[in-house]
Amino acid sequence: MDFALFCTRVSVLVLLLALCSPNKFIQSPMDFDPLNLVQTTTTASVDFGRILFNSPSAVLRPQSPRDISMLLVSLSSSSFSKVTVAARGAGHSIHGQAQALDGIVIEMDSLPSNIEIHKRREGETGFSYADVSGGALWMELLEESLKLALAPRSWTDYLYLSIGGTLSNGGISGQTFKYGPQISNVLQLEVVTGEGELVTCSPTKDSELFNAVLGGLGQFGIITRARILLQDAPEKVKWVRAFYDDFHTFSRDQELLLSMPDSVDYLEGFIVLNEQSLHSSSIAFPAHMEFIPDFGTKAHSKVYYCIEFVVHEYQDKGTNADQVVEEISRQMSYMPSQMYTVEVSYFDFLNRVRIEEMSLRRRGLWEVPHPWLNMFVPKSGINQIRDLVMDNISADDFEGPILIYPFLRDKWDTNTSVVLPEAMPGSGEQVIYVIGMLRSANPKSCSGGCLDEILHRNTWLAKTAGEHAGAKQYLAHHPSPSQWTDHFGRHWHRFADRKSRFDPRCILSPGQGIFSRIYASTSSHRC
């Protein structure tokens, strides 16, 4: 055994003894140098949601996947350990999903990014792809891939999220209707399972682990490296916004654009709830808009809707984005004279939310509680759920965007762990809508029990939407294991079986609240 490996094992043993002692005392961080364990746990107990603040007993800053493997091997084989482990990427969780109360948080950003771009040469078979650390940010991958005029096909709206973090959830944005979520655009993964086994997996090699981890909420393994599918990147995009005063017309036009994947490259939409939502959503849209909506009165309020779509422009392919937009717009039914277009670089479009982030930071509205609610709603229930949402929010004090846009069921691989709403029997229904209520709780207007009231209302909305329309939460938060069982429905047994196989001691991702930790001395290996 080499000296470094010996030191690593000693460090893990010391850590286990410290964490399992009655007083949870942790010695000086210098004692854990070989494994880069530190006692400073402040950032690991805070996430973007700022709703839960569960402090771990220690933080691991690994320098390689082996560090993670050694920790999990020791924890899974210990008969006295009660320690759980959570992997933390960019800390953008809402309900403490990447926290580990009295456990260990692994700060994934300490892993070397080592982004390697493989561009397919002309005449070669196969795909262009990138090999990248699970702790790297999507922005880092974008910057590197664009140097070779390449980019991933599917994105999230915000790029300062970790690769492993979004792949553990799904990863959605306006490209989902065309290419599927980010988890549908992965060729290979390197994963450390709950028992510490370091595995390279793909659709054809250890496929059960590969499918389990994608959208698996961190329950089956920690993604330490991913192979992401790339495509040619456009130089510029034509960015379009069209406004509506009728929801049925708005949704009909969204589904029209949904049927044009050969022309449209990005499709989203949002509710224009008030002046604040109109102005904040236009920060990153550098075009003069003469849209002056009449929001009515408090007693008789009126809302509007905006479709946002993009057409890519490739100089070497001779595409004419203006002509494509013109052809598309002739088929749409937006409010007269209320379509606006702007041409921006591909990078600036993908990085659009960063501009809004900077604005929120200046206003003191970034590091505040974010009681977000995201749901997947089948097309058959979208009108009902839209009405439900609007009946349960106030346009006067809602701060933040309300996204609403469609994608197609068949762009998702049903072998992964993500749960979509069930289609109506015999309907063959393909269209599913995203509703994202991305609220910021402004301390100036939301104090006292205000946050608790919002969270209670979100819980009620999600429950009601599920009961009446078959909606499913995305980035879900459920307060009890039984509710998680309901969330997965007919897929629960597959999910639990995968847990039993890849993390039988239930060490990973305790912040999700799906399974409870068990010990090696327990006779049953089922969580």
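The values are calculated or read from the model by the stated rules, or taken from the named source; none is laboratory data. Being a predicted model, the structure only gives us computed values, none of them experimental. All Cβ positions, even for glycine, are placed from backbone atoms using ideal geometry, and neighbour counts span all protein chains on display.
What the table below lists for this structure:
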{"quantity": "In segment 127-145, the residues that are out of contact with any Gly (no Cβ under 9 Å at 6 or more places or on another chain) and assigned to a helix (DSSP H, G or I)", "calculated": "MET139, GLU140, LEU141, LEU142, GLU143, GLU144, SER145"}
{"quantity": "Any hit, segment 126-148, residues being within 20 Å of the chain's Cα centre (by Cα) and basic (Lys, Arg)", "calculated": "no"}
{"quantity": "Verdict on ARG517 being surrounded by 15 or more Cβ atoms within 10 Å (Cβ to Cβ), among the charged types (D, E, K, R), more than 22 Å from the chain's Cα centre (by Cα) and not in a loop (DSSP other than H, G, I, E, B)", "calculated": "no"}
{"quantity": "Flag for LEU461 being in contact with a helix residue (DSSP H, G or I) (Cβ under 8 Å, 6 or more places away or on another chain), hydrophobic (A, V, I, L, M, F, W, C) and surrounded by 17 or more Cβ atoms within 10 Å (Cβ to Cβ)", "calculated": "yes"}
{"quantity": "Flag for GLU399 being modelled with pLDDT under 95, over 20 Å from the mean Cα position of the chain (by Cα) and either crowded, with 19+ Cβ neighbours inside 10 Å or not hydroxyl-bearing (Ser, Thr, Tyr) (or both)", "calculated": "yes"}
{"quantity": "Per-region count, segment 343-357, residues farther than 20 Å from ILE94 by Cα and either outside the structural domain of ARG241 (by TED's automatic domain parsing) or of a type outside the set (Gly, Ala, Ser) (or both)", "calculated": "10"}
{"quantity": "Residue that is farthest from PHE127 (Cα to Cα), among those in segment 175-212 that are of a type in the set (Asp, Glu) and in contact (Cβ under 8 Å) with a residue 60 or more places away in the chain", "calculated": "GLU195"}
{"quantity": "Residue match in segment 94-101 (condition: aliphatic (A, V, I, L, M), closer than 30 Å to THR459 by Cα, touching a residue at least 40 places away in the same chain (Cβ under 8 Å) and surrounded by fewer than 24 Cβ atoms within 10 Å (Cβ to Cβ))", "calculated": "yes"}
{"quantity": "Some residue of segment 187-199 being among the acidic types (Asp, Glu), modelled with pLDDT of 95 or more and in contact with a Gly (Cβ under 9 Å, 6 or more places away or on another chain)", "calculated": "yes"}
{"quantity": "Of all residues in segment 323-334 being out of contact with any Lys or Arg (no Cβ under 8 Å at 6 or more places or on another chain) and buried (at least 17 other Cβ atoms within 10 Å of the Cβ), the one that is farthest from PHE291 (Cα to Cα)", "calculated": "ILE328"}
{"quantity": "Checklist (1) closer than 20 Å to GLY216 by Cβ; (2) surrounded by fewer than 17 Cβ atoms within 10 Å (Cβ to Cβ); (3) among the polar types (S, T, N, Q) applied to THR416, failing item", "calculated": "(2)"}
{"quantity": "Residue satisfying all of: in segment 287-331; assigned to a strand (DSSP E or B) and either more than 22 Å from GLU235 (Cβ to Cβ) or free of Cβ contacts under 8 Å to residues at least 24 places away in the same chain (or both); farthest from the chain's Cα centre (by Cα) among these", "calculated": "GLY296"}
{"quantity": "Residue within segment 358-378 that is polar (S, T, N, Q), farther than 30 Å from GLY180 by Cβ, assigned to a helix (DSSP H, G or I) and outside the structural domain of ARG153 (by TED's automatic domain parsing) present", "calculated": "yes"}
{"quantity": "Any hit, segment 384-395, residues being in a helix (DSSP H, G or I), in contact with a His (Cβ under 7 Å, 6 or more places away or on another chain), modelled with pLDDT of 95 or more and not hydrophobic (A, V, I, L, M, F, W, C)", "calculated": "yes"}
{"quantity": "Residue match in segment 264-276 (condition: of a type in the set (A, V, I, L, M, F, W, C), in a helix (DSSP H, G or I) and crowded, with 18+ Cβ neighbours inside 10 Å)", "calculated": "no"}
{"quantity": "Within segment 338-356, considering residues that are over 14 Å from GLU313 (Cβ atoms) and at pLDDT 95 or above, the one surrounded by the most Cβ atoms within 10 Å (Cβ to Cβ)", "calculated": "LEU350"}
{"quantity": "Unmet requirement for LEU148, which otherwise passes all of (1) assigned to a loop (DSSP other than H, G, I, E, B); (2) within 22 Å of THR416 (Cβ to Cβ); (3) among the hydrophobic types (A, V, I, L, M, F, W, C); (4) assigned by TED's automatic domain parsing to the domain that holds GLU190", "calculated": "(2)"}
{"quantity": "SER64, sole failed condition from (1) modelled with pLDDT under 95; (2) surrounded by fewer than 16 Cβ atoms within 10 Å (Cβ to Cβ)", "calculated": "(1)"}
